[in-house]
1. In the stretch 143-171, which residues are open to solvent by less than 40 Å² (accessible area, probe 1.4 Å) and under 19 Å from Asn75 (Cβ atoms)?
2. Can you tell me which residue among Thr16, Thr81, Thr43 is farther than 30 Å from Glu156 by Cα, of a type in the set (S, T, N, Q) and touching a residue at least 24 places away in the same chain (Cβ under 8 Å)?
3. Somewhere in the stretch 142-163, is a residue of a type outside the set (Ser, Thr, Tyr), in a strand (DSSP E or B) and within 30 Å of Gly175 (Cα to Cα)?
4. Exactly one condition in (1) open to solvent by 60 Å² or more (accessible area, probe 1.4 Å); (2) modelled with pLDDT of 95 or more; (3) among the charged types (D, E, K, R); (4) not in a strand (DSSP E or B) is not met by Glu85; state its number.
5. Name every residue in the stretch 25-50 that is under 21 Å from the mean Cα position of the chain (by Cα) and among the aliphatic types (A, V, I, L, M), in order of residue number.
6. Of everything in the stretch 89-142, what is among the charged types (D, E, K, R), closer than 28 Å to Gly29 by Cβ and surrounded by fewer than 18 Cβ atoms within 10 Å (Cβ to Cβ)? Give them in sequence order.
7. For the stretch 146-158, enumerate the residues that are touching a residue at least 40 places away in the same chain (Cβ under 8 Å) and not small (Gly, Ala, Ser).
8. For the stretch 98-118, enumerate the residues that are more than 15 Å from Pro155 (Cβ to Cβ), out of contact with any helix residue (DSSP H, G or I) (no Cβ under 9 Å at 6 or more places or on another chain) and of a type outside the set (D, E, K, R).
Amino acid sequence: MSRIGKLPINVPAGVTVTVDETNLVTVKGPKGTLTQKVHKDITVNQEGAVLVVSRPSDSKPHKAMHGLYRSLINNMVVGVTNGFEKRLRMEGVGYRAQVANNQLTLNVGYSHPVVFDAPATITFEAPQPTEIVVKGIDKQQVGALAADIRAVRKPEPYLGKGIRYIDEVVRRKEGKSGKK
């Protein structure tokens, strides 16, 4: 049995989960609504306030899908109740971020500012000029957008400049040594 797939998903109060005949799982909660199409071989059953994901056989594809869909559905439940966030920090002289009209503007040493438009389910915050917070209900969207922001100016190992996750550790390298 899959270690992840066999775990039940607790559905908190205020969250409704519906599974239609085409295996489309819809999760509605206080923060919004998310949907996920589940493979036809995987079954999702609701027993009271608990969701159980099961598979028909122990074949390798079924095992892989079992844990995958359980994690996706669990992330949807967590997203509509608590939401997800990724925090990034900017290191470098003159690097700064500004949020206005649901747009994130980055000044990171290029000749032009880099502008990101937020999708409908994502919000940006800049509590400090060198800190960025990406919030949303869809874990995949939040992570992908945070990775896109980080890719604008990846942290470099010599001076440590760039955009990094708040808990990311950048290994520093020693610079060139002079001739002796």
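1. Hits for the stretch 143-171 are Gly143, Leu145, Ala146.
2. Details: Thr16 fails: touching a residue at least 24 places away in the same chain (Cβ under 8 Å); Thr43 fails: touching a residue at least 24 places away in the same chain (Cβ under 8 Å).
Only one candidate qualifies: Thr81.
3. Yes - at least one qualifying residue is present in the stretch 142-163.
4. (4)
5. Initial filter on the stretch 25-50 (under 21 Å from the mean Cα position of the chain (by Cα)): 25-38.
Val25, Val27, Leu34, Val38 - these are the residues of the stretch 25-50 that are under 21 Å from the mean Cα position of the chain (by Cα) and among the aliphatic types (A, V, I, L, M).
6. Asp117, Glu125, Glu131, Lys135
7. Passing the criteria: Ile149, Arg150, Val152, Arg153, Pro155.
8. Just the residues of the stretch 98-118 that are more than 15 Å from Pro155 (Cβ to Cβ), to begin with: 98-105, 107, 110-118.
This time we only want the ones that are out of contact with any helix residue (DSSP H, G or I) (no Cβ under 9 Å at 6 or more places or on another chain), so: 98-103, 105, 107, 111-113, 115, 117.
Within the stretch 98-118, Gln98, Val99, Ala100, Asn101, Asn102, Gln103, Thr105, Asn107, Ser111, His112, Pro113, Val115 qualify.
The values are calculated or read from the model by the stated rules, or taken from the named source; none is laboratory data. A quick note: this is a predicted structure, and the numbers were derived from the prediction, not measured. Every residue, glycine as well, gets a Cβ built from its backbone with ideal geometry; the counts of neighbours run over all protein chains shown. Accessible surface areas use protein heavy atoms only, side chains included; no ligands, DNA or RNA. Shrake-Rupley method; radii C 1.70, N 1.55, O 1.52, S 1.80 Å.
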